[in-house]
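Comments concern the structure below.
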Amino acid sequence: MSNEKIKQRIKTLVEQLNSYAHEYYVLDSPTALDQDYDELYQELVTLENKHPEFQLNDSPTKRVGDTPLSEFVRVRHNMPMYSLGNAFNESDLFDFNRRIKERTSEPVEYICELKIDGLAISLTYEAGQFVQGATRGDGTIGEDITANLKTINSIPLSIKESGTIEVRGEAYMPKAAFDELNESRLKNEEALFANPRNAAAGSLRQLDSKVAARRHLDVFMFGYGRWENAQEQTTHSERLTYLSKLGFKTNQEWKKFTRIEDVLEYVAYWTEHRHDLPYEIDGIVIKVNHLQLQTDLGHTARNPRWAIAYKFPAIEAKTTLTDIELSVGRTGVVTPTAILDPVLIDGSTVGRATLHNADQIKLLDVRIGDKVILKKAGDIIPKVVRVITEERTGKEIPYEMPKTCPACQSDLVHLDDEVALRCLNPDCPAQLKEGLIHFVSREAMDVKGLGERVIEQLYNESLISSIADIYTLERSRLLTLERMGEKSVNNLLEAIEASKNNSLEKLIFGLGIRHIGTKAASILAANFKTMDALMKANYEEIVAIDEIGEIMAASVIKYLNEPHVKGLLNSLTNMGINMTYKGPALEQLADENLLFANKKIVLTGKLASYTRREAKEIIESLGGEVTSSVSKNTDIVVAGADAGSKYDQAVKLDVEIWDEETLKKETDGK
């Protein structure tokens with residue numbers, strides 16, 4: 001057979017096999033027998049092995065898994081992958097509808113889609129070829145998981161669209177595949193995955209794509225990001241139809257409505273019938289159908305105004321409340337936290353839950369020793385929602401919030417517009433330390449090696465009490481401190497010096513202005529370019545910026561007009577801290593994955609979402625060192641279920657302890 005005929009035969013085989021795969025994995029209506037498919041596939045493998053120069057980019061043989069990676073590469077999304085605001089009841093959906101109607105006089109159509117419980121992904125195609133797949137990450141920066149996504153048969157490796165397009169959706173693990181995976185892990189005496197969502201996320205974050213290939217993952221695609229020189233649509237429903245036409249797998253349960261009452265019926269139906277599906281869903285996504293209206297409605301700093309996610313009622317669990325612990329945040333708010341007998345809820349072991357504030361404690365009539373109901377309703381940290389008063393024995397102890405700050409003994413006050421108790425002492429050590437910890441955090445000035453433990457140590461030694469003090473630390477004094485050797489001191493001073501060159505948005509966020517998160521800080525920096533310009537801006541100029549609301553603008557004005565702030569910024573300027581916006585640059589993010597740089601971490605107990613090896617790989621990929629025993633040199637102990645002596649040793653040595661949920665929260669998308 002001539003080379004030209006071999007080349008043509010390979011092309012024919014690829015087209016035929018991809019067509020069969022589309023019928024099987026996307027349309028669920030196969031026309032080829034398994035035996036016929038296998039024979040054609042083996043013929044293709046033989047031809048490609050003999051003539052690798054003729055292998056095509058969309059060949060099904062490319063799905064088996066590539067050479068293992070040493071780490072994931074970070075990628076910046078061309079357009080942000082926004083998270084959605086949440087609705088938990090009918091009232092929230094009526095409010096969403098009201099807000100939409102207030103902003104337009106045009107008729108409104110809604111598209112309702114099942115909210116797949118998986119991992120958000122984006123797929124980029126250029127000239128019809130799949131070139132990159134990424135996780136959502138923080139919405140701006142994700143991880144390149146192209147090799148792993150290629151193993152998913154329902155993702156086309158080529159499409160008939162010549163433009164550059166980015167398709168977005170959700171990767172998930174079907175219930176049957178999840179059960180099969182856990183049965184296999186049980187036989188191999190490996191830790192079980194808590195739920196299909198964690199299993200899907202863990203599979204797609206494997207450095208070895210051959211592991212992902214064995215996990216039988218699937219996808220549903222539902223939206224667009226970048227869309228250049230490609231066929232345009234005017235409605236979201238047309239987008240869904242066009243995605244299906246291109247060969248993408250879309251969820252066919254979506255419906256279009258013009259009345260919010262019909263949306264509520266759709267929500268009610270799937271709330272009752274969601275367990276009948278072969279995959280997990282955790283809610284319903286409601287979107288405005290017309291794309292121009294979506295554009296007109298725009299976004300807040302965090303969420304699109306034209307969409308909302310209704311979250312199904314959360315899983316509940318019963319346990320005993322053994323104590324109430326108070327913490328003082330960097331803004332002075334005193335927050336009570338329930339200490340609980342550990343209990344499994346929504347796939348993770350929980351030993352702490354929020355009580356929000358004093359009013360919540362009174363409303364629930366919470367007492368030490370009570371049996372309580374925990375609930376997760378879209379929050380990372382569960383909350384106490386009910387006390388089981390009928391199970392009281394009489395030994396329960398009523399709880400009264402203190403009248404003074406637990407950190408500085410100053411009087412606690414209720415401000416007129418707040419329910420929270422607040423310490424107003426600007427010199428409160430808890431607030432000062434929390435402010436310092438925030439300033440050096442990864443999302444802010446990103447001073448590696450200057451974590452919570454070191455901040456505590458420096459504060460207690462009277463070496464720092466304000467942000468400016470960080471930049472006056474002396475090498476000779478640092479070397480006298482416990483656990484501060486030559487190398488760690490050098491690394492710390494280098495990190496402090498490097499932070500001076502950060503772009504303006506990181507400084508704005510690091511200052512800890514109330515209501516200003518990372519997104520809002522970036523928007524302010526991009527609009528005003530310099531700190532001096534921001535300080536000279538008035539309320540009207542700030543609130544006029546799209547995505548900056550009235551509360552944000554008022555908070556910025558109030559903060560920047562405080563006398564000590566002007567002095568602080570002058571000091572930072574004189575110390576060489578950059579006050580100018582440098583713009584988004586990937587090179588500035590090169591080291592962001594070093595969440596655990598220079599940190600020693602111990603794993604103990606049973607982890608539900610990871611094997612011990614997977615957790616170790618995640619920690620090491622983020623710059624940490626996993627050690628086997630707890631000592632005074634340990635930075636963090638990650639404690640799973642049934643944690644024993646290592647947990648006790650960590651408590652004794654006052655080592656920072658994370659539960660599995662904290663590990664997932666801190667490393668998700670990193």
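The values are calculated or read from the model by the stated rules, or taken from the named source; none is laboratory data. Note that the structure is a prediction, hence the values are computed from the model and not measured. All Cβ positions, even for glycine, are placed from backbone atoms using ideal geometry, and neighbour counts span all protein chains on display.
Observations
- Considering Ser609, Ser628, the condition of being among the hydroxyl-bearing types (Ser, Thr, Tyr) and surrounded by fewer than 17 Cβ atoms within 10 Å (Cβ to Cβ) is satisfied by Ser628 alone.
- Residue satisfying all of: in region 80-99; outside any helix (DSSP H, G or I) and more than 17 Å from the chain's Cα centre (by Cα); farthest from Lys311 (Cα to Cα) among these: Asn89
- Search result, residues across region 290-306 that are modelled with pLDDT of 85 or more, touching a Ser or Thr at 6+ places or on another chain (Cβ under 9 Å) and over 18 Å from Leu93 (Cα atoms): His290, Leu291, Gln292, Leu293, Asp296
- Looking only at region 536-564, and only at residues there that are among the β-branched types (Val, Ile, Thr) and touching a residue at least 40 places away in the same chain (Cβ under 8 Å), the one that is surrounded by the fewest Cβ atoms within 10 Å (Cβ to Cβ): Ile548
- Qualifying residue in region 296-308 (condition: assigned to a helix (DSSP H, G or I), surrounded by 14 or more Cβ atoms within 10 Å (Cβ to Cβ) and among the charged types (D, E, K, R)): yes
- Residues in region 594-606 that are part of a loop (DSSP other than H, G, I, E, B) and either acidic (Asp, Glu) or surrounded by fewer than 20 Cβ atoms within 10 Å (Cβ to Cβ) (or both): Leu594, Leu595, Ala597, Asn598, Gly605.
- Qualifying residue in region 450-462 (condition: farther than 22 Å from Asp654 by Cα, modelled with pLDDT of 90 or more, surrounded by fewer than 16 Cβ atoms within 10 Å (Cβ to Cβ) and not polar (S, T, N, Q)): no
- Being more than 30 Å from Glu102 (Cα to Cα) and outside the structural domain of Gly512 (by TED's automatic domain parsing) is a property that Thr300 lacks.
- Filter pass, Gln206 being within 25 Å of Lys664 (Cα to Cα) and at pLDDT below 90: yes
- Just so you know, in region 274-286 the residues that are at pLDDT below 95 and not charged (D, E, K, R) include one that is farthest from Lys175 (Cα to Cα), and it is Gly283.
- Breaking point among (1) among the β-branched types (Val, Ile, Thr); (2) modelled with pLDDT under 95; (3) out of contact with any helix residue (DSSP H, G or I) (no Cβ under 9 Å at 6 or more places or on another chain); (4) not assigned by TED's automatic domain parsing to the domain that holds Gln233, for Thr271: (4)
- Of the strands (runs of 3 or more DSSP E) lying entirely inside region 187-295, those containing at least 1 residues that are surrounded by fewer than 17 Cβ atoms within 10 Å (Cβ to Cβ) are 218-228, 255-257.
Residues checked against (1) more than 22 Å from the chain's Cα centre (by Cα); (2) under 27 Å from Lys665 (Cβ atoms); (3) in contact (Cβ under 8 Å) with a residue 24 or more places away in the chain:
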{"residue": "Glu190", "(1), (2), (3)": "yes, yes, yes"}
{"residue": "Pro196", "(1), (2), (3)": "no, yes, yes"}
{"residue": "Val219", "(1), (2), (3)": "no, yes, yes"}
{"residue": "Phe222", "(1), (2), (3)": "no, yes, yes"}
{"residue": "Glu228", "(1), (2), (3)": "yes, no, yes"}
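- Tally, over region 611-633, of residues that are assigned to a loop (DSSP other than H, G, I, E, B), under 23 Å from the mean Cα position of the chain (by Cα) and not β-branched (Val, Ile, Thr): 3
- Selection count, region 451-467, where residues are closer than 15 Å to Glu497 by Cα and in contact with a Leu (Cβ under 6 Å, 6 or more places away or on another chain): 0
- Residues of region 528-562 that are of a type in the set (D, E, K, R) and part of a helix (DSSP H, G or I): Asp532, Lys536, Glu540, Glu541, Glu550, Lys558.
- Scope region 29-49; condition more than 19 Å from Asn153 (Cβ to Cβ) and free of Cβ contacts under 8 Å to residues at least 12 places away in the same chain; matching residues: Thr46, Asn49
- Among the residues of region 316-346, those that are among the aliphatic types (A, V, I, L, M), surrounded by 15 or more Cβ atoms within 10 Å (Cβ to Cβ) and closer than 22 Å to Asp642 by Cβ comprise Ala317, Leu321, Ala338, Leu340, Val343, Ile345.
- Taken as a whole, the condition of being among the β-branched types (Val, Ile, Thr), closer than 17 Å to Ala134 by Cα and at pLDDT below 90 does not apply to Val64.
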